[in-house]
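Scroll down for the structure; my scribbles are underneath it.
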Amino acid sequence: MFDDKSGVLTGIDVLVRENFAQLRGCHIGLVTNHTGLTREGLPTIDVLHQSPNVSLEALFGPEHGIRGDHDENVADGVDARTNLPIFSLFGARTQPSAEQLQGLDTLVFDIQDIGCRFYTYLSTLGNVLEAASTHALRVVVLDRPNPITGLRAEGPIADSDALSFVAYHPIPVRHGLTLGELARLIHAEKSLTCPLEVVACENWSRGDWYDATGLLWTNPSPNMRRLSAAALYPGVGLLEFTNVSVGRGTDTPFEVFGAPYLNPRQFAAALNAGDVPGVRFIPTSFTPNASVFAGEVCGGVQILVTDWECLNAVQVGLALAVVLRRLYSNRWQPEKLQTLLCHADTYQRLIEGESPGRIAASWQSDLQSFAGRTLPHLLYSAGVGSE
């Protein structure tokens, strides 16, 4: 970490350098948002629209919209700058329709992911691959780095009967792949028929955190404001459908955690006693101005990353859940934990009071199998580890 690799190029940068050779003469639908930027900060929308070598004909937007400023369902519209139609893939429809794909032969995907299974840009990618297979279109993924590195897979693999828009494919909570690699994995494991090409990043290694790339940080979604939030999100975010605040409505979403019924010092002491690798829990109180417990004082913790390489975000989330269950079983309501956890065995172990170490140990064989599943689809140096 903190080793600036100023030469990292994303897929769109490579495409521009090669004068759009892969897209020449194509009729394109672009799936993107505000994170689709060249290294110089130019929107992929504008770069493709202005190129004489390609024909950009439609835009498709994921959760939070083309410009990344929505926190609810997104409507169709027209892009003011290019006058192109925008079709929303978040709301009543999550997959392009036959009518919207009429006249297109290629779908280009350029969105920055953050490396977590329940971050929905992955689901949008999967749905685009399915639609392309149904309607005989080619898909070109313009790849981007995994901002929380590609060295670790963490957490349980989603149960096959629990798949949804927040668990598109049976992968771990922290998957350790780029979206280009995930596209290759999904394409193979779902036996999809669309031609798939990935324009890989250059000069990015699996061990690089986002701050080592020299690329501009652009909030991938309204509440994903810092790399430290992205690093903690696979664990802290797991609990947000239960009756707790994960910091939405504060200046530091996913870096503070609490509820009106928590005693900050008691909660922090219990968490720190568990020696969770890579973090310390600082007692605090905060008052969200939006979302869960808006306007209410929440006792809780600030989560400080002390060792980025040792950090296991899912272990952080597990520790939060175990301590909540032990100290506040009369107040904490764990039932909706399964919304994002998507793993019945882990949930049952938690309810029965099993230790975090024993719960995490129960995932290891599945994570080893997942590492084997990913090997044929990796695009960057070093293999995916498992924790």
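What about Phe254, is it under 17 Å from Glu154 (Cβ atoms) and either of a type in the set (Phe, Trp, Tyr) or touching a Phe, Trp or Tyr at 6+ places or on another chain (Cβ under 7 Å) (or both)?
Against the criterion (under 17 Å from Glu154 (Cβ atoms) and either of a type in the set (Phe, Trp, Tyr) or touching a Phe, Trp or Tyr at 6+ places or on another chain (Cβ under 7 Å) (or both)), Phe254 qualifies.
What is the one condition in (1) assigned to a loop (DSSP other than H, G, I, E, B); (2) without any contact (Cβ under 8 Å) to a residue 60 or more places away in the chain that Ser381 does not satisfy?
Condition not satisfied by Ser381: (2).
What's the total number of residues in segment 217-226 that are surrounded by fewer than 18 Cβ atoms within 10 Å (Cβ to Cβ) and in contact (Cβ under 8 Å) with a residue 40 or more places away in the chain?
3
Just one of Ile66, Ile86, Ile45 is β-branched (Val, Ile, Thr) and under 28 Å from Gly249 (Cα atoms); which is it? Give the steps one after another, and end with the answer.
Working: Ile86 fails: under 28 Å from Gly249 (Cα atoms); Ile45 fails: under 28 Å from Gly249 (Cα atoms).
The match here is Ile66.
Can you find, within segment 138-166, the residue that is farthest from Val16 (Cα to Cα) among those that are in contact with a Gly (Cβ under 8 Å, 6 or more places away or on another chain) and aliphatic (A, V, I, L, M)?
Ala153
Mind checking whether some residue in segment 154-162 is in a loop (DSSP other than H, G, I, E, B), touching a strand residue (DSSP E or B) at 6+ places or on another chain (Cβ under 8 Å) and surrounded by fewer than 24 Cβ atoms within 10 Å (Cβ to Cβ)? Walk me through how you get there before you give the answer.
Taking segment 154-162 first, the residues in a loop (DSSP other than H, G, I, E, B) are 155-159.
Those left that are additionally touching a strand residue (DSSP E or B) at 6+ places or on another chain (Cβ under 8 Å): 155, 158.
Those left that are additionally surrounded by fewer than 24 Cβ atoms within 10 Å (Cβ to Cβ): 158.
Yes, that holds for at least one residue.
Using the structure shown, decide if Leu42 is touching a strand residue (DSSP E or B) at 6+ places or on another chain (Cβ under 7 Å) and either over 26 Å from Tyr210 (Cβ atoms) or aliphatic (A, V, I, L, M) (or both). Give the derivation first.
On the way: touching a strand residue (DSSP E or B) at 6+ places or on another chain (Cβ under 7 Å): no; either over 26 Å from Tyr210 (Cβ atoms) or aliphatic (A, V, I, L, M) (or both): yes.
So Leu42 does not fit the description; no.
Evaluate the following for Pro253: is it at pLDDT below 95 and under 14 Å from Ile303 (Cα atoms)? So that I can check it myself, show each step before the final result.
Numbers: at pLDDT below 95: no; under 14 Å from Ile303 (Cα atoms): yes.
No: the conditions fail for Pro253.
Go through Gly214, Gly237 for me and flag whichever is within 30 Å of Ser381 (Cβ to Cβ), of a type in the set (Gly, Ala, Ser) and surrounded by fewer than 19 Cβ atoms within 10 Å (Cβ to Cβ). Please lay out each step first, then the result.
Working: Gly237 fails: surrounded by fewer than 19 Cβ atoms within 10 Å (Cβ to Cβ).
None of the others qualify; the one that does is Gly214.
Looking only at segment 109-120, decide whether some residue is in a helix (DSSP H, G or I), within 22 Å of Val236 (Cα to Cα) and modelled with pLDDT of 95 or more.
First pass over segment 109-120, keeping only residues in a helix (DSSP H, G or I): none.
No; the residues of segment 109-120 include none that is in a helix (DSSP H, G or I), within 22 Å of Val236 (Cα to Cα) and modelled with pLDDT of 95 or more.
Inside segment 303-357, can you point out the residues that are among the β-branched types (Val, Ile, Thr) and under 22 Å from the mean Cα position of the chain (by Cα)?
Scanning segment 303-357 gives Ile303, Val305, Val314, Val316, Thr339, Thr346.
So, in segment 358-372, of the ones that are in contact with a helix residue (DSSP H, G or I) (Cβ under 9 Å, 6 or more places away or on another chain) and not hydroxyl-bearing (Ser, Thr, Tyr), which residue ends up nearest to Ala188 (Cα to Cα)?
Residue satisfying both the conditions and the ranking: Trp363.
The values are calculated or read from the model by the stated rules, or taken from the named source; none is laboratory data. Small disclaimer: the values here were computed from a predicted structure and weren't measured. Virtual Cβ from ideal backbone geometry, glycine too; neighbours counted across all protein chains shown.
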